[in-house]
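Notes follow once the structure below has been shown.
Every number in this text was worked out from the coordinates using simple rules, so none of it is lab data. Just so it is clear, the structure is predicted and the values come from calculations on it, not from any experiment. Don't worry about glycine lacking a Cβ; one is built from the backbone with ideal geometry, like all the others, and counts go over all protein chains shown.
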Amino acid sequence: MKDSIYKCPCCGEKTFTPLTKALAGQLNSKGRPCPKCGERIANGKGATIFNAVFCFAMFAFIVYAFLNTLDLWIIPALLAIIFVPRIVNAFFFKLDVSQRKNGF
Ligand SMILES: [Zn+2]
């Protein structure tokens, strides 16, 4: 089913939308409580790995741009770090229960 990435992994209800999924963060974040069962839900392993790889690549690119005085590219690269993972989270990868406990 094509909507399955918006299903809560805990109660199985389709309680997330592209927007709330984008804001749910990664597995290492607190996530977002499911409106139905209250479990804290975040984007799963695939999204977390993508985010780490993407941020690392962009960071390497920024260092490269900085060293080669390609300053024009630094701002777009920073914006990409902020927005691309959210857009990817909104439309790709499955949700998972957040691994981070309350209180952090
Ligand atoms: Zn739920």
Item to complete: Using only C-alpha atoms and all pairs of different ones, pull out the Kirkwood radius for the range 4-96 in Å with one decimal.
Response: 14.0
Worksheet item: Can you give me the relative contact order of the chain as a percent, contacts being Cα pairs under 8 Å and 6 or more apart?
Response: 38
Worksheet entry | Residues F91, F59 arranged by fewest to most Cβ contacts within 10 Å | F91, F59
Worksheet item: What spacing in nm lies between the two simple spin-label points modelled at C55 and L19, each 7 Å away from Cα in the Cβ direction?
Response: 2.5
Worksheet item: Gap in Å between the Cα centre of the range 1-45 and the Cα centre of the range 71-91?
Response: 22
Fill in: Under the Karplus curve 6.51 cos²θ - 1.76 cosθ + 1.60, θ = phi - 60°, whole-Hz ³J(HN,Hα) for the range 82-92, x wherever Gly or Pro sits
6, 9, 4, x, 5, 5, 5, 4, 5, 10, 10
